[in-house]
Structure formats: structure tokens, C-alpha cells
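Participant: I am attaching a structure below and will ask some questions about it afterwards.
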Amino acid sequence: MEQIQFLPVSTLTNERRLVFYKKTYGHVALAVLLFIIVEWVFFQSEPIVRFALSLTQGWKWLLMLGGFMLATNYADKIVHTNHDRGQQYAGLILYVVAQAFIFIPLIFMATAIATQGGDNIINQAAILTLSLFTGLSAIVLVTKKDFSYLRSALTIGGFIALGLIAAGMLFGFNLGLWFSVGMVVLASGSILYQTSNMAKNYTEDQYVGASLGLFASLMLLFWYVLSILSRD
């Protein structure tokens, strides 16, 4: 049987490119919906919430971050190296579940603020995040500008951020508001890069992989927008 050759998205006709974009962003939306569902399920289990909160203290948070990175890197590898569609979806689901688990402490804190009479900052953060995500994606898709040059800066910025987080946990200092602002900038750059990568470097059958990259950047942005709004 002759193997089907899938073309790069950048070489497709406008109609086929639009179909790819719809599939990709449709999967991003489904990943967000699954994240909401899994997060709700986690919060119905007090032992899971207690366990997640117990991992926020000192070196345990580093273990949690390490486990999260292992799980998400494994999921990313499954999605991008496996041609079986079922395995790709399994990787995407694993990625979403890992995101939902690591978000438990932050969602817990934001919910506590709302319970004590504060604004519903989760909804505010979601609106701000989706607005930024939509605007940044539109910039790439409308202008067709190549943002692949951001890759090196994002990699270096990511390692610096991990180093600062580790130092903060080990030596007990608060990274502060400006670190979160810097991470919002980093996440915004990641959205520009991932959207550009989707439009130029993926083939038309790789919409699951493209959606995972966009979802990862979206959740990074949401984390730090919510962190800023949750500050006293």
C-alpha cells in the first residue's frame, strides 16, 4: 500500500490550511475543556487536594516540578514521534492531566480568595489569558511573520526561570511580582513562537502535536496571569 504523503502547512492551499487551523484550535479548545473537567474531578477528592498542597512546601515543590516535567516531556514525545492517532491523543490527555494536577494549589488559593469576599479572579484570569492568546495568535496568522527566531531566547529564558524557581524554593525567598510579569512576557513569546511553528513547520496531519504546543503556552500564560491576580 502506498504511504500517504502529508504536505507542510505552509505549502497548502488556503482552504486546506484553514481546515488544519480549525482542527488545531478545536483540539486546543477540547484540551481546555478537559482541563476544566479534570480539575473539577480533582477538587471533588479531598485526599488528592491535600496531597497536592503538601507538595508545595520546600524541596517537595521541586519534586512536584520534576515529576510534572517528566510527565509533560513524555507526553510531548508521544504526541510528536508516534504516528498512531490513538497514542497521540493519549499523550495529549496525559499532558492535560499533569497540568490540572500542578494547578491544584494555585486554583485552591484563588478559590480561597473568592470565598473570603474577593473577586472571582479565576474568571478574570481566564478572560485575560484567552484575550492575550487570541490577540497574539491573530498577529502571527494575519501578518504571516516568522517568529522562529524566538526559540533560543525562550529556551534560555526557560532555564533561567527554572533556576530562579529552584533557588527560591531552596533558599526560601519570594520571586515577587516582577518575576511573574517576566513569565507572562515569556509565555506571550512562546505563543508567538508556537503559532508561527504551527503555520510553518507542521504537516497537515500533525494537528494534535500543534495543539499540544499551543495548549502548553496557553497554560503557562494562565498560570502567571492567575498568580499576579492572586497576589495580596
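The values are calculated or read from the model by the stated rules, or taken from the named source; none is laboratory data. Given the structure is predicted, the values throughout are model-derived calculations rather than measurements. FYI the Cβ positions are ideal-geometry reconstructions off the backbone, even for glycines, and counts take in every protein chain you see. Ligands, DNA and RNA are stripped out before the accessible areas are found, and what is left, the full protein with its side chains, is counted by its heavy atoms. Shrake-Rupley method; radii C 1.70, N 1.55, O 1.52, S 1.80 Å.
Participant: Kirkwood hydrodynamic radius, the range 26-129, all distinct C-alpha pairs: what's the number in Å?
Facilitator: Taking every pair of different Cα atoms in the range 26-129, averaging 1/r and inverting gives 15.0 Å.
Participant: State, as an integer percentage, the relative contact order of the range 147-232 based on alpha-carbon contacts under 8 Å between residues 6 or more apart.
Facilitator: RCO, the range 147-232: 38 percent.
Participant: Can I ask one more? Relative to the longest principal axis of the chain, what angle (0 to 90°, nearest 10) does the C-alpha long axis of helix 59-81 take?
Facilitator: Roughly 10 degrees, rounded to the nearest 10.
Participant: Shifting gears a bit: What is the chain's relative contact order, in percent, from Cα pairs under 8 angstrom and six or more apart in sequence?
Facilitator: Once normalised by length, the contact order is 32 percent.
Participant: Taking the 0 to 90 degree range and rounding to the nearest ten, how far is the long axis of helix 176-201 tilted relative to the main principal axis of the chain, both from C-alpha atoms?
Facilitator: Result, in degrees: 10.
Participant: Could you give the distance between the Cα centres of the range 7-22 and the range 86-146, to the whole Å?
Facilitator: Using only Cα atoms, the two centres lie 26 Å from each other.
Participant: Probe radius 1.4 Å, ligands and nucleic acids ignored: give me the carbon and sulfur share of the accessible area of the chain as a rounded percent.
Facilitator: With neighbouring chains kept in place, the figure for the chain is 66 percent.
Participant: Could you tell me how many degrees, from 0 to 90 and to the nearest 10, lie between the Cα long axis of helix 104-115 and the main elongation axis, the longest principal axis, of the Cα atoms of the chain?
Facilitator: The two axes meet at around 60 degrees.
Participant: So how many Å³ per residue does the convex hull of the Cα atoms of the chain work out to?
Facilitator: In the chain, the Cα hull volume divided by residue count equals 131 Å³.
Participant: Moving on. Considering only protein heavy atoms, what per residue accessible area in square angstrom results for the range 181-232 with a 1.4 angstrom probe?
Facilitator: Normalised by residue count, the accessible surface of the range 181-232 is 29 Å².
Participant: Related question: Which chymotrypsin sites (Phe, Trp or Tyr not before Pro) in the range 141-221 pass both tests, a DSSP loop state and at most 16 other beta-carbon atoms within 10 Å?
Facilitator: Answer in residue order: 149, 173.
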